Amino acid sequence: MAYDVKTVKREWEGHETALAWRRYPVEHEPIRRHCHMIDDANPLFIEEGRCPPVMVDFFASQGPWPAADFDILGLIRRIPTPGDRLINLNQEFEWFLPVRVGDRLGIRHKVASIHQRSTRLDPLSVWIRTETTIVNEREQVVARRTNQILVHRTPEEIATGVSRS
Amino acid sequence: MSATPQRYQEDVANGEELPGFSLELTMTRMVLQVSGTQDFYPIHHDQAFARSAGHPDIFINTSFIRGCLCRVLTDWIGADGFVKRLGFQMRTPNLLGETISARGRVKQKGPDGHIEIEVWIESAEKGVTVPGSATVILPARR
């Protein structure tokens, strides 16, 4: 059966997840690892416990295990698509409040839009736009984020005409 | 370690270059990427998986890229500056073996200390691979 993007759009566009709280507060050690990754010696992060702005979603999501809880991946995996290979193409962040070690964050996601448009990787590529809101323990919004995700098939799946949905 | 010098809105000029930095994407750096981001999607560490998806090699992930772009800003704004917005487009993957540079340039000084900044990642081989833009808020001198 051919992939029916209209049905997928009708069922998933506007879908919102419930607010989910991080199991652990913002911690020093992941900040140190982040800084090590990019040779960032900024003492505001390493010594004073400020959270680098781009780490708020890391601390607000449930971490990479269990896998289904990891940021938007669990949500994206539930949306029917011909392929299952993911690429994050664009991202935009807006911050409203600073975050520090010890803060506890929560996160919720929304599926903003779904489109099907051919790419060089796959003529049946699906484009999914998501909106994420991150709050602190007082439920004040600390950041909003949008992602543009591309979901595609492998060259082998394209060659054999395989579609998962 | 010493704190980064404070930047004030009065000291900023349109067109000013932010210092930025460069990183060689060695296999060790790719491992640091997985450690730092906890992103275990194999396209960023498993060469066979990346090639099976049609890519020439493993490439750095979104969190690594935005970490670099954000560092360009936080290295520059000082302790009392605030990163308000960051957006970017990942147009070309940066692969294992490349050397990338993260850069920035003041585009427009706005009201109330809001500074619009162009940010980007480039490599010698590919030019700009990740264009982006950001807004930071700088304090005024008292």
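Counting helices only, and only those DSSP H runs with n ≥ 4, report the 222 nm mean residue ellipticity of chain A as the sum of -39,500 (n - 2.57) divided by its residues, in deg cm²/dmol to the nearest 500.
-5500 deg cm²/dmol
Hey, rough spin-label estimate for B:Ala79 and B:Ala140, points 7 angstrom out along Cα→Cβ, what's it come to in nanometres?
It is 2.2 nm.
Between the helical axis of B:62-77 and the dominant principal axis of chain B, each derived from Cα atoms, what acute angle in degrees is found, rounded to the nearest 10?
20
Rg and Dmax of chain A, using alpha carbons, in Å: what are they?
Rg and Dmax of chain A, Cα atoms, are 17.9, 57 Å.
Please list the equivalent ellipsoid semi-axes of segment B:15-137, computed as the square roots of five times the alpha-carbon gyration tensor eigenvalues, in descending order and whole angstrom.
Output for segment B:15-137: semi-axes of 29, 14, 12 Å.
I need the P(r) histogram for the protein assembly as shown: all alpha carbon pairs, bin width 10 Å from 0 out to the longest distance, whole percents.
6, 26, 35, 24, 8, 1, 0
Explain nothing, just compute: Karplus ³J(HN,Hα) = 6.51 cos²θ - 1.76 cosθ + 1.60, θ = phi - 60°, for every residue of segment A:148-165 in order, whole Hz, x for Gly and Pro.
10, 9, 10, 10, 9, 8, 7, x, 5, 5, 5, 5, 9, x, 6, 9, 6, 10
Could you run the Karplus curve 6.51 cos²θ - 1.76 cosθ + 1.60 with θ = phi - 60° over segment B:15-27 and give me ³J(HN,Hα) per residue in whole Hz, x for Gly and Pro?
Coupling constants for segment B:15-27: x, 4, 8, 8, x, x, 6, 10, 9, 8, 8, 6, 4 Hz.
Just how far, in whole angstrom, is segment B:81-133 from segment B:12-74 if you go by their alpha carbon centroids?
13
Quick one: which residues, 5 or more positions from A:Val142 or on another chain, have an amide H under 5 Å from its amide H? H modelled 1.01 Å from N in the peptide plane, none for Pro or chain starts.
A:Ile134, A:Val135, A:Asn136
Ordered by residue, what ³J(HN,Hα) values in Hz, to whole numbers, does segment A:84-100 give under the Karplus form 6.51 cos²θ - 1.76 cosθ + 1.60, where θ = phi - 60° and Gly and Pro are x?
Values, residue by residue: 10, 8, 10, 9, 8, 8, 10, 8, 9, 10, 10, 10, 10, 9, x, 10, 10 Hz.
Pairs of alpha-carbon atoms within less than 8 angstrom and 6+ residues apart define the contacts here; what relative contact order does segment A:1-133 have, in percent?
That works out to 35 percent.
In degrees between 0 and 90, to the nearest 10, how far off the longest principal axis of chain A does helix A:28-37 point, with axes built from Cα atoms?
The answer is roughly 60 degrees.
With a sphere of radius 9 Å drawn around the Cβ of A:Trp95, what net charge do the other residues whose Cβ falls strictly inside it have (Lys, Arg +1; Asp, Glu -1)?
Computed value for this residue: +2.
Please list, in chain and number order, the residues 5+ apart from B:Ile58 or on another chain whose amide H is under 5 Å from its amide H, with Hs placed from the backbone.
Answer set, sorted by chain and number: B:Leu96.
Read the figures in this text as sums done on the coordinates, not as results from a lab. Model, not experiment: these values are computed from the prediction. Cβ coordinates were reconstructed from backbone atoms using ideal geometry, including for glycine residues, and neighbour counts include every protein chain displayed.
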